[in-house]
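Q: Here you go, one structure.
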Amino acid sequence: MGISIHNVSKTFGNFNALQDVSLTIPSGKLVALLGPSGSGKTTLLRLIAGLEQMEQGQILFDGEDTTTKSIQERQVGFVFQHYALFRHMSVFDNVAFGLQVRSRTERPAKTEIRAKVRELLRLVQLDGLESRFPAQLSGGQRQRVALARALAIEPKVLLLDEPFGALDAKVRQELRKWLKQLHHALQITTVFVTHDQEEALEMADEVVIVNKGGIEQVGSPVEVYQRPANPFVYSFLGRVNTFTGKVVAGEFQLGALRYQTEDTRRWNNSHVVGYIRPHELEVAPVSGGEGWAAAELTHISMIGPLVRLECKLIESGIPFEIEVSGEQYLEITKQVKGNLYVNVKQMRLFATKESPIQLEEKNHIQSVSLAVSELKA
Amino acid sequence: MSHTNQSQRATHPTAWLMIALSLVFLGLFLIVPLIAVFSEALKGGVGAFLSAIDEPETMAAIRLTLLVAVIAVPLNAIFGVAAAWVIAKYQFRGKNLLLTLIDLPLAVSPVISGFLFVLLFGSQGLLGPWLAEHDLKIIFAVPGIVLATVFVTFPYVARELIPAMQSLGNDEEEAAISLGANGWQTFYRVTLPNIKWGLLYGVILCNARAMGEFGAVSVVSGHIRGLTNTIPLQVEILYNEYNFVAAFSVATLLAILAIVTLIVKSIMEWKAERQTIEQEPDMIVRAYETGGSIHGH
């Protein structure tokens, strides 16, 4: 089922959680609502579920207005961040709950419920655990009980709030893959909220980047990662260097550093900020000629197969990062004497007046390397 | 409500001293009086004890006490659940005021509470003339006793449930609703099982207080023998008449009620603690996770 969201606003007291948000979620897709904490992504999810009332706007399920529909009528499967399993019920009763509370006329027979629960538990690979209580399950198992419980009501939409937030890294990795497969098998329109860009890029068919109560960009993981619509998306979806410079004669200039493309020519004679991913800088032990700038190496860290070089431009002292492969790194260290030289391979320009990059978010988010998702993209 | 008894083993002399002190204190102020009550009551033998209780006036007092408890306790249980529900699950203006009001009966002397009702419903009171006109009797009658008891005992259930419900949060209720449950199903199948031990404990405390209340009831009762005397009032009357064996015999009933309350309370706390351990996932989860019983791949 497709969901259309039209001009939705929601405030909590003085806080504008969502402002005039419009979004279309195509039927059968796996969509990520990605944003920093407090961006309004969870509020949007709760509005879709009907757990929250909006002040303005409309949410349509397959073209049908849901504004007056109660949560019970919407038939959404909601998986809560901390699962919200009924702690006094066994796994079986948790999963059966949605069927057992149906009115007598709609409720399936006991044997039918039993068969259905069994089938769901098999689907989430928890068969044999039906008499356990939530407290006797691991985090990953609880997550899957919550999912089975939500699926029991045959929802038209599956909504997941930070589905992997409370799990440790290894379990999270497994569950992501598994959930993606499950979605592929079931083909239910699924929306999940996450603050982890790696998770969003890896799992989703479509990523919706939410920030400060609005939507920054919607697109496939490749689109949003490779063509960020604005500086926020650029810095939110991975590590990025920013070089503030000037475009003179169609050429970006920052000291000795030069860069020229179709794009830079459009920015002629203006001050701009260049956004460069750490792998979009070329590095060499000697200067490659014009456009290359000298840099000082300040710190080196290993991040899996890559090596991150933290550097400083000699002329201006501006800090930046480069990511190179292990072999490249060895090559460079063999030959380097004193300074390194860098050159811009690729850069995106934005006007200086555009929203400054939020440093806290950047630090928070960028602590994860994007190397993996990048390769996939 | 749950006390985690994970203190270290007492070995230090100071610890022993403290334990000894509290035991002496407990003995002097609780155990000795309790023994005194029972020994006084049984002074004249079991026969005298039983016949003291079997007096018509005493039986009437017992019946009245039970009647008052049967009315007051369910009322306050319903009120307590409702109050705890709105306080724990909703944000609204005047929430703190409501919390303060719930505590009021605990802060006000029961005698004052009793006078409050006399001032309201007494023949010289605010509603007195109107009540007299309609031939309704509240003060110095059973309705007054019930009202005073309800007032004095209404904090117990609510106070017990508010922290429990606050710590539980809203998630499970929201989950139930999203799965299609209506309000009643959500309460009955999800909320109630989660608060049942706290609720039972609150009800038991409320009951003990309802049966044992003296001050407020004494003011509104009028001490009409066989009609408006509850057990505590009957004990006082017998005592004032120097009928010690009878006074202590009836008092044993309240003492037994107190002991039963304490026993039930301990059982409840034990159960509630077990429940919180069950609900404290991480301790157990880790054990499972290190066991590697995760099926996902």
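Q: Between B:Ser167 and B:Leu17, with labels modelled 7 Å along Cα→Cβ, what's the label distance in nm to one decimal, could you check?
A: Once both label points are built, they end up 3.4 nm from each other.
Q: Which entries of A:Lys29/A:Lys69; A:Lys10/A:Lys116; A:Lys110/A:Lys170; A:Lys156/A:Lys180 show an alpha-carbon separation above 28 angstrom in the structure shown? Before the final figure, lay out the partial values.
A: Working: A:Lys29/A:Lys69 23 Å; A:Lys10/A:Lys116 38 Å; A:Lys110/A:Lys170 38 Å; A:Lys156/A:Lys180 17 Å.
Long pairs (Cα-Cα over 28 Å): A:Lys10/A:Lys116; A:Lys110/A:Lys170.
Q: Is there a simple number for the mean count of other chain Cβ atoms within 10 Å of the Cβ of residues in B:178-191, and what is it?
A: Details: counts 19, 20, 16, 7, 4, 0, 1, 4, 1, 0, 0, 7, 7, 0.
Counting Cβ atoms of other protein chains within 10 Å of each residue's Cβ and averaging gives 6.
Q: Once ligands and nucleic acids are excluded and a 1.4 Å probe is used, how much of A:Met89 is accessible, expressed in Å² to the nearest 10?
A: 20
Q: With a Förster radius of 25 Å, plug the Cβ-Cβ distance of B:Ile224 and B:Ile259 into 1/(1 + (r/R0)^6) and report the FRET value to the nearest 0.05.
A: Values: r = 30 Å, r/R0 = 1.20.
Efficiency, rounded to the nearest 0.05: 0.25.
Q: Once you average over the residues of A:87-95, how many Cβ atoms of partner chains fall within 10 Å of each Cβ? Show your work: numbers first, answer last.
A: On the way: counts 9, 10, 4, 0, 0, 0, 1, 2, 1.
Partner-chain Cβ atoms within 10 Å, mean over residues of A:87-95: 3.
Q: To continue, here is another question. If you count the DSSP beta bridges with both ends in the protein assembly as shown, what percent of them are antiparallel, to the nearest 5? Mind showing how you got there, number by number?
A: Working: 57 of 75 bridges.
That works out to approximately 75 percent antiparallel.
Q: Here's something else I'd like to know. How large is the helix-only mean residue ellipticity at 222 nm for chain B, computed as the sum of -39500 (n - 2.57) over DSSP H runs with n ≥ 4, divided by its residue count, in deg cm²/dmol to the nearest 500?
A: On the way: 16 runs with 220 residues, N = 297.
It comes out at -24000 deg cm²/dmol, rounded to the nearest 500.
Q: Still on this model: What number, in percent, do you get for the relative contact order of the range A:243-308 if the mean sequence gap of Cα pairs under 8 Å and at least 6 apart is divided by its residue count?
A: Working: 78 pairs, mean separation 19.3, N = 66.
Reported relative contact order: 29 percent.
Q: Hey, another quick one. Pull out the extension gain between A:Val248 and A:Gln81, defined as 0.36 nm times the separation in residues minus the alpha carbon to alpha carbon distance; nm, one decimal. Can you show the working numbers first?
A: Values: separation 167, 0.36 × 167 = 60.12 nm, distance 5.08 nm.
This chain segment gains 55.0 nm when fully extended.
Q: Excluding ligands, DNA and RNA, what is the solvent-accessible area per residue of the protein assembly as shown at a probe of 1.4 Å, expressed in Å²? Provide the component values of the computation, followed by the final result.
A: Numbers: 33030 Å² over 674 residues.
Heavy-atom SASA per residue in the protein assembly as shown reads 49 Å².
Q: In degrees, nearest 10, range 0 to 90: what is the angle between the Cα axis of helix A:139-152 and the longest Cα principal axis of chain A?
A: 60
Q: A follow-up question, please. Mean separation of Cα pairs under 8 Å and 6+ residues apart, divided by the residue count of the range B:54-296: what relative contact order is that in percent? Write down the numbers at each step before the final one.
A: Working: 274 pairs, mean separation 68.7, N = 243.
Normalised by residue count, the contact order of the range B:54-296 is 28 percent.
Q: To the nearest 100 Å², how much accessible surface do chains A and B cover up together, summed over both, with a 1.4 Å probe? Spell out each step's value before the answer.
A: Values: alone 17980 and 18030 Å², together 33030 Å².
The A and B chains share an interface burying roughly 3000 Å².
Q: Pop the C-beta distance of B:Val24 and B:Phe79 into the FRET formula with R0 = 35 Å and round what comes out to the nearest 0.05. Intermediate results must be reported in sequence, preceding the final value.
A: Numbers: r = 41 Å, r/R0 = 1.16.
The formula returns an efficiency of 0.30 here.
Q: Note down the nm distance, to one decimal, between modelled labels 7 Å out along Cα→Cβ at A:Thr24 and at B:Phe92.
A: The two pseudo-label positions are separated by 4.3 nm.
Q: Here's something else I'd like to know. In terms of solvent-accessible area of protein heavy atoms at a 1.4 angstrom probe, what is the ranking of A:Lys345, A:Lys116, A:Lys246, highest value first? Show your work: numbers first, answer last.
A: Details: A:Lys345 115, A:Lys116 40, A:Lys246 80 Å².
Most to least solvent-accessible, the answer reads A:Lys345, A:Lys246, A:Lys116.
Q: Follow-up. Classify chain B as rounded, prolate or oblate from the Cα gyration tensor: take a ≥ b ≥ c as the square roots of its eigenvalues, call it rounded if a/c is under 1.5, otherwise prolate when a/b beats b/c and oblate if not. Let's see the in-between values first.
A: Numbers: a/c = 2.44, a/b = 1.36, b/c = 1.79.
Oblate shape, in that a/c is at least 1.5 and b/c is the bigger or equal ratio.
Q: Tell me the carbon and sulfur percent of the accessible area for the protein assembly as shown, rounded to whole percent, probe radius 1.4 Å. Write down the numbers at each step before the final one.
A: Numbers: 19390 of 33030 Å².
Using a 1.4 Å probe with all protein chains present, the protein assembly as shown comes out at 59 percent carbon and sulfur.
Q: If we sort B:66-75, A:51-60 on the protection proxy, mean other Cβ atoms within 10 Å, highest first, what's the order? Working shown, then result.
A: Values: B:66-75: 18.6, A:51-60: 16.4.
Packing order, densest peptide first, comes out as B:66-75, A:51-60.
Q: Which whole DSSP H helices in chain B pass both tests: a Cα extent of 24 Å or more along the axis and a mean Kyte-Doolittle value no lower than 0.0? Please report the intermediate quantities before stating the final value.
A: Numbers: long enough: B:56-89 (49 Å, 1.58); B:192-212 (29 Å, 0.76); B:244-279 (51 Å, 1.07).
Those that clear 24 Å and a mean of 0.0 are B:56-89, B:192-212, B:244-279.
Q: Per DSSP helix of 4 or more residues, -39500 (n - 2.57); summed, then divided by the residues of chain A. What does that give at 222 nm, rounded to the nearest 500? Before the final figure, lay out each step's value.
A: Details: 13 runs with 117 residues, N = 377.
The per-residue figure over chain A is -9000 deg cm²/dmol.
Q: Angle, helix A:91-100 long axis vs. longest principal axis of chain A, Cα atoms, 0 to 90°, nearest 10?
A: 70
Q: Taking 0.36 nm per intervening residue step and subtracting the Cα-Cα distance, what contour gain separates A:Glu331 from A:His6 on full extension?
A: Working: separation 325, 0.36 × 325 = 117.00 nm, distance 5.47 nm.
Result for the pair: 111.5 nm of gain on full extension.
Q: I would also like to ask the following. Considering every residue in A:170-181, what mean count of other chain Cβ atoms within 10 Å of its Cβ is obtained?
A: Details: counts 3, 3, 1, 1, 4, 3, 1, 2, 3, 1, 0, 0.
Taking the mean over all residues of the peptide, I get 2.
Q: Taking the simple approach of a point 7 Å from Cα along Cα-to-Cβ for both A:Ala284 and A:Asn14, what is their distance in nm?
A: Going by the 7 Å Cα→Cβ label model, 5.7 nm.
Q: Suppose R0 equals 30 Å; then what is the FRET efficiency for B:Trp130 and B:Val70 from their Cβ-Cβ distance, rounded to the nearest 0.05? Can you show the working numbers first?
A: Working: r = 28 Å, r/R0 = 0.93.
Computed FRET efficiency for B:Trp130 and B:Val70: 0.60.
Q: From Cα pairs below 8 angstrom and at least 6 apart in sequence, can you work out the relative contact order of chain A, rounded to a whole percent?
A: Taking the mean separation of contacting Cα pairs over the length of chain A, I get 16 percent.
The values are calculated or read from the model by the stated rules, or taken from the named source; none is laboratory data. Predicted model, so just to flag it, every value in this text is computed and none were measured. With ideal geometry, Cβ positions are generated from the backbone for all residues, glycine too; neighbour counts draw on all protein chains shown. Areas reflect the complete protein model, heavy atoms only, side chains present, ligands, DNA and RNA absent. Shrake-Rupley method; radii C 1.70, N 1.55, O 1.52, S 1.80 Å.
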